[in-house]
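Chemist: Sharing a structure, written as C-alpha cells. Questions coming.
Read-outs: derived from the displayed coordinates by stated rules, not from any lab. Model, not experiment: these values are computed from the prediction. Quick reminder, even Gly has a Cβ in these numbers, built from the backbone with ideal geometry, and neighbours come from all protein chains shown.
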Amino acid sequence: MPVTPNVTWNSNIPFATNSPSVDQPNMQINNNNNILIWQADHIGFNSGPGNSGLHNSVTLFNQVGIPNTNQTGATVTYSKIVTGQTQDFETSDVGAHEYQMTRFIDASFALFGTNTAITLGNGGWTFLPGGLLLQYGNYNTPPALAVTGTITFPITFTGNPFMIQATLIAKAGGTTQAHTISVINTTVSPTTFEWNYEGTTSYTGFYWMAIGV
C-alpha cells in the first residue's frame, strides 16, 4: 500500500468572489492531494475498465475507545493496540460493546496454523473471535501402562486456559481396551499442563486441545 503523505487542503476553494485564475493554484493542490488520498487503499485512475476505485487493501487507524457509529443499522470495523500489538475489532450500531476479531501474535507466527514438534506434544495455535486462543497438538509417543507427562503450550496464555481436552489415539482393535487419559487439574498453568494415562499399550498417543486468552 502506498504511504499517504501528510497532505494539505485549502478550504473554501474556489471562493465565490475570487476570479478562477486566482484560485487555480490552490484548486490544483486540492485536486492532486485528493488523488494521493484516494490511491492509498484503492486502485487509481486510468487503471483499465472495472478496476478504478476497487480496494487494494483496507488500512485502519488505531482508535483509543469504541468509535461512535452515528448510524442506526450499521457496524463499525476499527483497530486498537492491545498489549503492544494492533488488533481488529467490530462494534454494532448500539456502540456499547466491542468484539475483538483478531489475536495477532507476530512473535509466535511460525507456529500459527501449523503442527510442528508433535513428538513432544506441541502443535500450533490460531485465534477465535473475542480474542480467544485455540492451541492444539499431538503427543505421538505411545504411553506406557501408567505414566504422566507434561505438555508445553506453543505460546503462553494470559491466564490458565478455560478448557483442555485430551483424546487417545487407538491402534487397530485397541478401542475395547480399558484406558483413561486425564488432565491433572492442579498442574494447569498459562504455559503447561500435566497429563496422566492409565491403561494398556493399545494406544499410540493422544490429541490435545486448549482454549483460553
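Chemist: For the chain, give me the percentage of DSSP beta bridges that are antiparallel, rounded to the nearest 5 percent.
Modeler: 95 percent
Chemist: Just one of (1) 215; (2) 118; (3) 157 is volume of the Cα convex hull per residue in Å³ calculated from these coordinates, so which is it?
Modeler: Entry (1).
Chemist: Mind putting a number on the dipole of the chain about its Cα centre? Charges go on the C-beta only, +1 for Lys and Arg and -1 for Asp and Glu, and I need it in Debye to the nearest 20.
Modeler: Roughly 360 debye, rounded to the nearest 20.
Chemist: Oh, and also: Along region 68-77, what does the Karplus equation 6.51 cos²θ - 1.76 cosθ + 1.60 (θ = phi - 60°) give for ³J(HN,Hα), rounded to whole Hz, x for Gly and Pro?
Modeler: 7, 5, 6, 8, 5, x, 10, 10, 10, 9
Chemist: Further question: What angle, in degrees between 0 and 90 and rounded to the nearest 10, separates the Cα long axis of helix 20-38 from the longest principal axis of the Cα atoms of the chain?
Modeler: So the helix axis and the longest Cα principal axis differ by about 10 degrees.
Chemist: Also, quick follow-up: Cβ neighbours within 10 Å, averaged per peptide: list 31-38, 150-157 in order, most packed at the top.
Modeler: 150-157, 31-38
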